[in-house]
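Structure, as structure tokens:
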Amino acid sequence: MSLPAEEQVEVTGTDDDGDEYETLASVYAERGDERRLICDVAARALGLKPSETFWYVDASAALARLREIAGR
């Protein structure tokens, strides 16, 4: 989900220790009532540890990298 930059909603993030916290974001992943930071969703999908990261400047770069990793 992508909101205008001035609009933000509360989402769940995960810190480097694996602990969850609430933060505000205008770009996030949503499934049902759950809202999460996109980098956390990508990290979980790729099996990364909490201290590892998967983040790019913009969504198109992240999607391109995910497609490359998936072999598409």
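The values are calculated or read from the model by the stated rules, or taken from the named source; none is laboratory data. The structure displayed is predicted, hence computed values, not measured ones. Methodologically, a virtual Cβ is constructed for each residue, glycine included, from the backbone with ideal geometry; neighbour enumeration extends over all protein chains shown. SASA here: full protein model, heavy atoms, side chains in, ligands and nucleic acids out. Shrake-Rupley method; radii C 1.70, N 1.55, O 1.52, S 1.80 Å.
Summed over the stretch 47-57, the residues that are open to solvent by 90 Å² or more (accessible area, probe 1.4 Å), over 14 Å from residue 19 (Cα atoms) and either modelled with pLDDT of 70 or more or touching a helix residue (DSSP H, G or I) at 6+ places or on another chain (Cβ under 9 Å) (or both) give a count of 2.
So that you can scan it fast, the table gives a plain yes or no per residue for (1) loosely packed, with under 15 Cβ neighbours inside 10 Å; (2) in a loop (DSSP other than H, G, I, E, B); (3) of a type in the set (Lys, Arg); (4) at positive phi:
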| position | (1), (2), (3), (4) |
| --- | --- |
| 4 | yes, yes, no, no |
| 7 | yes, yes, no, no |
| 12 | no, no, no, no |
| 23 | yes, no, no, no |
| 30 | yes, no, no, no |
| 35 | no, no, yes, no |
| 41 | no, no, no, no |
| 45 | yes, no, no, no |
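Counting only residues that are of a type in the set (Lys, Arg) and more than 12 Å from the chain's Cα centre (by Cα), which one in the stretch 3-57 is farthest from residue 69 (Cα to Cα)? Filtering first and then ranking leaves 31.
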